[in-house]
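Have a look at the structure below, then the notes.
Bear in mind these aren't lab numbers, they're just calculated from the coordinates by the rules spelled out. Since the model is a prediction, treat every value here as computed from it, not as a measurement. Positions of Cβ are generated from backbone atoms using ideal geometry, with glycine treated the same way; all protein chains shown enter the neighbour counts.
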Amino acid sequence: MKLLWDVKENRQHRHCKMANRDKELEEEIYDKVVDLTEYAKRQRWWNGLFGKNSGPVAEKYSVATQLAIGGVSGWCAGYLFSKVGKLAASSVGGGLLLLQIANNSGYIQVDWKRVEKDVNKAKKQLKKGTDQARPELNTFVEKSTAFVKKNIVVTSGFAGGFLLGMVS
């Protein structure tokens, strides 16, 4: 009986030693890990590109959390985009195929001169519209650039997640 007790006690002692060793190793790794946000903010290229403050999100959450949030939301958006895109492409392609079959069968007669006239009219309207929309487009691009600069970690996580979502 005493031998069995000694074996159990020895196992518990070894288990405690292993748990302590694992805890010490974890603390050692944690001490060696560099806070990426602080490291990046000290770099000249980072400050030149994104400014000294990389935004409100960077102050609230760690880099890993920001990457996880951006990656998961990007993956969801990419996955939905790919599924909806496939459905839209199938619908448009199927519709064009049906129209071509109907045209060749004689159910539909296309007035190509009228189509060409309407396309040219649409081109002229688009050219006029692009001249008028430039200031609005510039402000949108500036706002988007400012958002990306302030939230670079979340944005990069989103971009990576979006590409992974498109593939899956």
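Going by a ≥ b ≥ c, the root eigenvalues of the Cα gyration tensor, does the stretch 66-125 fall in the rounded group (a/c under 1.5), the prolate group (a/b larger than b/c) or the oblate group? Numbers along the way, then the final one.
Working: a/c = 9.64, a/b = 2.10, b/c = 4.58.
Taking the square roots of the gyration eigenvalues as a ≥ b ≥ c, the stretch 66-125 is oblate.
Can you tell me which of 62-70, 77-85, 98-106 comes out highest on packing, and rank the rest after it, using the mean Cβ neighbours within 10 Å? Walk me through the numbers before you get to the answer.
On the way: 62-70: 17.1, 77-85: 14.0, 98-106: 10.3.
The packing order, highest mean first, is 62-70, 77-85, 98-106.
Determine the sum of side-chain charges near Thr155: Lys and Arg each +1, Asp and Glu each -1, restricted to other residues whose C-beta is under 15 angstrom from that of Thr155. All intermediate terms of the calculation are to be shown ahead of the outcome.
On the way: positive: Lys143, Lys149, Lys150; negative: none.
Taking every other residue near Thr155 into account, the sum is +3.
For a Förster distance of 22 Å, can you work out the FRET efficiency between the beta-carbons of Gln125 and Ala102, rounded to the nearest 0.05? All intermediate terms of the calculation are to be shown ahead of the outcome.
Values: r = 29 Å, r/R0 = 1.31.
In this case the efficiency is close to 0.15.
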